[in-house]
Amino acid sequence: MGKMLIKGFRMLDGKKFYIRHAESSDANELLLFTKDVIEQSPYLLIEPNEYQISFKQQQQKVQQILEGPSKLLLIAVFGEEIIGRLDFSVASRKKIAHTGTFGMSVSHSFRGKGVGKALLSSLLLWGRQHPKIEKIELEVLAENKAAIHLYESAGFAVEGVKRQAVKKSYNEYDDLILMSYFFDNSRM
């Protein structure tokens with residue numbers, strides 16, 4: 001799919017930001033953003049010490065996404081700062097190639113201001129234009145109530161629950177909620 005044009009949005013407090021496709025030149029800022037979000041967010045499945053990616057690896061990853069017709073990497077930018085990201089990929093196996101999954105994160109200081117909603121609406125717009133995508137899937141921690149509310153408000157529905165899928169500490173678990181969005185509701 002072709003590149004999405006830059007699209008402007010306003011945060012709930014009126015500040016302007018925009019969503020655009022990531023480019024190879026964003027690799028270093030994406031790396032720093034991702035490390036920062038991993039440090040700050042209790043809702044990610046990765047621990048800070050598990051994220052061992054170099055600048056070169058980040059550049060290659062961005063380039064692979066840019067070259068893939070069924071991959072997407074969007075960033076939310078405020079001024080010159082990356083404040084959010086969303087990466088999506090279509091399943092590679094033929095029988096499930098009509099589906100795809102995504103991950104999204106927003107900087108701690110910009111959560112609850114409409115940045116996640118803008119990233120999600122940009123994904124849905126892109127997905128509607130994609131010739132193969134019929135269904136978008138995600139997994140979210142059950143305790144991440146704000147994210148679940150955002151997904152439900154965008155039309156995602158709960159499909160199931162993976163009980164005690166995430167071990168937070170000794171004898172403390174969280175469930176993963178499986179959610180999906182269908183572009184053609186007649187198939188449900």
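The values are calculated or read from the model by the stated rules, or taken from the named source; none is laboratory data. Source: prediction; values computed, not measured. Positions of Cβ are backbone-derived with ideal geometry, glycine not excepted, and every protein chain shown enters the neighbour counts. For the accessible areas, the whole protein counts, side chains as well, though only heavy atoms, and no ligand, DNA or RNA atoms are used. Shrake-Rupley method; radii C 1.70, N 1.55, O 1.52, S 1.80 Å.
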* Ordered by residue, what ³J(HN,Hα) values in Hz, to whole numbers, does the range 114-126 give under the Karplus form 6.51 cos²θ - 1.76 cosθ + 1.60, where θ = phi - 60° and Gly and Pro are x? -> x, 5, x, 4, 5, 4, 5, 5, 5, 4, 5, 4, 4
* Tell me, what is the per residue accessible area of the range 61-188 in Å², probe radius 1.4 Å? -> 55 Å²
* What FRET efficiency, computed as 1/(1 + (r/R0)^6) with R0 = 35 Å and r the Cβ-Cβ distance, is obtained for Arg128 and Asn171, rounded to the nearest 0.05? -> 0.20
* Accessible area of Glu23, 1.4 Å probe, to the nearest 10 Å²? -> 80 Å²
* Largest-first ordering by accessible area, 1.4 Å probe, given options His149, His21, His98 -> His149, His98, His21
* Ser121 paired with Lys16, simple spin-label distance in nm, labels 7 Å along Cα-to-beta-carbon -> 1.6 nm
* Asked: Quick one: what do you get for the chain if you divide its Cα Rg by 2.2 N^0.38 Å?
  -> 1.02
* **Extension gain, Ala97 back to Lys71 (0.36 nm per residue minus Cα-Cα distance, nm)** => 8.2 nm
* **Sequence of Ile96, Ile6, Ile75 from largest to smallest accessible area, 1.4 Å probe** => Ile6, Ile96, Ile75
* Structure fact -> HN-Hα couplings for the range 164-170 via Karplus (6.51, -1.76, 1.60; θ = phi - 60°), in whole Hz with x for Gly/Pro, come out as 6, 6, 10, 9, 7, 6, 3
* What share of Cα pairs, in percent, lie more than 22 angstrom apart in the range 1-102? -> 37 percent
* Structure fact -> Full extension between Ala146 and Gln64 adds, at 0.36 nm per residue less the Cα distance, a length in nm of 26.4 nm
* Gap separating the Cα centres of the range 81-109 and the range 38-62, nearest whole Å -> 15 Å
* Structure fact -> Dividing the helical contributions, -39500 (n - 2.57) per DSSP H run of n ≥ 4, by the residues of the chain yields a 222 nm value, nearest 500 deg cm²/dmol, of -8500 deg cm²/dmol
* To do: Pull out the extension gain between Ser89 and Ser25, defined as 0.36 nm times the separation in residues minus the alpha carbon to alpha carbon distance; nm, one decimal.
  => 21.0 nm
* Structure fact -> Using alpha-carbon coordinates alone, the radius of gyration and Dmax of the range 94-158 in Å work out to 12.7, 40
* Asked: How many nm is it between the label spots at Phe183 and Ile38, if each spot is 7 Å from the Cα in line with the beta carbon?
  -> 3.2 nm
* Val158 to Gln52: FRET efficiency via 1/(1 + (r/R0)^6), r the Cβ-Cβ distance, R0 35 Å, to the nearest 0.05? -> 0.55
* For the range 1-108, please report how many Lys pairs fall under 19 Å Cα to Cα, leaving out neighbours fewer than 8 apart on the same chain. => 10
